[in-house]
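To start, the structure under review is shown below, and the notes come after it.
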Amino acid sequence: RMVVLDTGRGLALYSPSPANLDDAMVDEIMAVGQPRWLIAPNEIHNVGIRAFQRAFPDVHTTGCIGHPRRVKDVHFDALLDGSSTQQDAPWTKGDALRFHVIGGNRLLHEIAVFHAPSRTLVVTDAVECIHPREHLAGRPPNRAMTWMMGQMGFRYRVPVMSPEHHGLCVDPKALRSSLEVLMEWDFDSLVMSHGTIFEGQKARAAVMDAFGATLDAIESRSLPSRLFWRSVARLL
């Protein structure tokens, strides 16, 4: 699920994976360019950080504000949250990359990245579009997981936010503000960790549809439902 971003000044590895990094993949990456930055895009996409830090000991590692609690033995050079500016991430120097930390969620502080040269928006779990049998990475979920994901708003073949984003978002105003920021970027390609690549107007529509469905769900929650999800977010 890793995305290799060419900044013109070295490579940024977004969501570095797999955890078991072998020499063949190191050689494949080096054939593209020199990795300079690792970007752990949210608090649950972090399984490959240790392996990549060992393979490329001079890289700068950017994570999210909740990462030290999740992966205690990993060093982060920068931690981002909703208040972070472009100057807080050294890989934004130049014109290639911009980022935004998606707001509204108490568990995930997801870093969305815009790669200007290719006009590509890169996200992790903020937009997913999974076919139950045809997918790019990982195994299809079992029946229990499928049922649980359905209860949290997940729909196969349809661009949606992940169950974690959908269920644990408690601030619709912050999420709507993030959507506005993303849509200001001039992207016509969407790359996500869980799903296929969207091009053209489909890319922009996918973001609008995914965020819009979650916003509608949050704003229509009953008081008991709001209290329940706030309690779940605190426990996590």
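The values are calculated or read from the model by the stated rules, or taken from the named source; none is laboratory data. All values reported here derive from a predicted model rather than from experimental measurement. In this analysis, Cβ positions are derived from the backbone assuming ideal geometry, glycine residues included, and neighbour counts consider all displayed protein chains. Please note that ligands, DNA and RNA were not included when accessible areas were found on the heavy atoms of the full protein model with its side chains. Shrake-Rupley method; radii C 1.70, N 1.55, O 1.52, S 1.80 Å.
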Restricting to region 136-171, name every residue that is assigned to a helix (DSSP H, G or I) and either modelled with pLDDT of 95 or more or surrounded by fewer than 17 Cβ atoms within 10 Å (Cβ to Cβ) (or both). R143, A144, M145, T146, W147, M148, G150, Q151
Can you pull out every residue in region 79-102 that is buried (at least 21 other Cβ atoms within 10 Å of the Cβ), in contact with a His (Cβ under 8 Å, 6 or more places away or on another chain) and of a type outside the set (A, V, I, L, M)? W91
What about T124, is it of a type outside the set (A, V, I, L, M, F, W, C), assigned to a loop (DSSP other than H, G, I, E, B) and open to solvent by less than 10 Å² (accessible area, probe 1.4 Å)? yes
Looking at this structure, is R234 over 17 Å from the mean Cα position of the chain (by Cα), at pLDDT below 95, assigned to a helix (DSSP H, G or I) and of a type in the set (K, R)? yes
Residue list for region 62-114, restricted to those being modelled with pLDDT under 95 and part of a strand (DSSP E or B): N105
Report, by residue number, each residue of region 172-187 that is part of a loop (DSSP other than H, G, I, E, B) and surrounded by fewer than 16 Cβ atoms within 10 Å (Cβ to Cβ). D186
Quick one: is D209 in a loop (DSSP other than H, G, I, E, B), out of contact with any Leu (no Cβ under 7 Å at 6 or more places or on another chain) and at pLDDT 90 or above? no
Do the conditions hold for G48, that is, is it surrounded by 16 or more Cβ atoms within 10 Å (Cβ to Cβ) and farther than 23 Å from I197 by Cα? no
Would region 26-33 turn up any residue that is among the acidic types (D, E), modelled with pLDDT of 95 or more and in contact with a helix residue (DSSP H, G or I) (Cβ under 9 Å, 6 or more places away or on another chain)? no
Please pick out the residue among T62, T7 that is hydroxyl-bearing (S, T, Y), farther than 26 Å from H165 by Cβ and either touching a residue at least 40 places away in the same chain (Cβ under 8 Å) or open to solvent by 10 Å² or more (accessible area, probe 1.4 Å) (or both). T7
